[in-house]
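For reference, the structure is listed below as structure tokens.
Please treat every number below as a calculation from the coordinates, not as lab data. Not measured: the values here are computed from a predicted model. FYI the Cβ positions are ideal-geometry reconstructions off the backbone, even for glycines, and counts take in every protein chain you see.
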Amino acid sequence: MRSCSIEHEQEGDLDVLHLAGSLDAHSFPQLETALQNLSDNERSRVILDCEKLDYISSVGLGALIGFARRARESNGDLKMVNLSDRIFNIIEMLGFHKILATMGTREEAVASFSS
């Protein structure tokens, strides 16, 4: 499996993290660090663009749930967009779709932060 690369982009008060590759036990600390840096800078409105994400493990999803809960406590949220069917099915199978906000497109996620 290849590692995960993360590109960060800021759009107003939103932060977009573009994920590519595999998010598993070996690579999720990198994402955890990126999310912690946002949290430390009081940036709690985050969109994860998963268009180029090939794989996510339950460990990676667990880290995302923790961040999403903390973000919501700070009037923010974590929204996942552009999920492959395979990754969405993993999230749904584990029941995490009840906790993690998943949307079709980045535009939908941006709009949902505005409403």
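Extending each Cα 7 Å along its Cβ direction at GLU107 and GLN30, get the distance between those two points in nm, one decimal. Going by the 7 Å Cα→Cβ label model, 3.1 nm.
Per residue of the chain, what 222 nm ellipticity follows from adding -39500 (n - 2.57) for every DSSP H run with n ≥ 4, rounded to the nearest 500? If you can, show how the numbers build up before the last one.
On the way: 4 runs with 47 residues, N = 115.
Value at 222 nm, helices only: -12500 deg cm²/dmol.
The mean sequence distance of close C-alpha pairs (under 8 Å, at least 6 residues apart), as a share of the length of the range 4-114, puts its relative contact order at 25 percent. So in the chain, what percent of DSSP beta bridges are antiparallel if you round to the nearest 5? Looking only at bridges with both residues in the chain, the antiparallel portion is about 35 percent. By the compact-protein rule of thumb, 2.2 N^0.38 Å, the alpha-carbon radius of gyration of the range 60-100 corresponds to a ratio of 1.16. Treating each Cα of the chain as an identical point scatterer and summing with the Debye formula, the log10 of I(q)/I(0) at q = 0.21 Å⁻¹ comes to -1.22. Applying the Karplus relation 6.51 cos²θ - 1.76 cosθ + 1.60 with θ = phi - 60° to the range 58-67 yields 3J(HN,Hα) values of 5, 5, x, 5, x, 5, 5, 4, x, 5 Hz, where x marks Gly and Pro.
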